[in-house]
Amino acid sequence: MNKLSPAKEEELLRYLDGELDAVEKTNLEAEIQRSSLLKIRVEELQFVRSFLMRKTTLEAPSKNFTHNVMEGLDSQPVMSLFSPRKGLLLLLGVIIASVICLMLLTHGVFDQTTTSLIVEAPQNKWMQDVTLAIPFNGKILVNVIIFLNLALALLLLDRTILRPLFQKRTSMGY
């Protein structure tokens, strides 16, 4: 693809702005008539120029913008909801609950493949002897509880220990 030189680009911009004298203008117009590349570039520049002319007002920030930005530079980031001590206690509790579930699971407390939860509906003249059996697998239930506990533990670890630690190291310049 042929590119125009920066000098030719500048000359085209000056032409569109009406800054060329009569001789330069007629020479450039003749050159534009001969070159399809120049015709296309002039059309592109005219489109950009018309678009910019339609946008007559610049969007100005609010009067307090600079003040608000400069004031926010010195402020410290918002700290976590949990203090590191509370976070460690919560993390310890979650880990203990996960270990208890794992121990129950490995000792075969939930070896029964499926268990039915039987719910008896109240008796009335339209429904008699209605029992509802809901089967569930104990191992799957405990595995889900363990997974949720570990996810909660990782979240607590991040929010209460790792994030404050790295924010402190960042503020100290390490």
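The values are calculated or read from the model by the stated rules, or taken from the named source; none is laboratory data. Small disclaimer: the values here were computed from a predicted structure and weren't measured. Every residue, glycine as well, gets a Cβ built from its backbone with ideal geometry; the counts of neighbours run over all protein chains shown.
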Practice item. Test ARG41 against the criterion of being modelled with pLDDT under 85, part of a helix (DSSP H, G or I), within 42 Å of the chain's Cα centre (by Cα) and not aliphatic (A, V, I, L, M), and give yes or no. Key: no
Review point. Which residue pairs have Cβ atoms closer than 6 Å, lie 6 or more positions apart in sequence or on different chains, and pair a first residue in the range 13-24 that is assigned by TED's automatic domain parsing to the domain that holds VAL48 and free of Cβ contacts under 8 Å to residues at least 24 places away in the same chain with a second residue that is assigned to a loop (DSSP other than H, G, I, E, B) and of a type outside the set (Val, Ile, Thr)?
Key: ARG14/LEU20
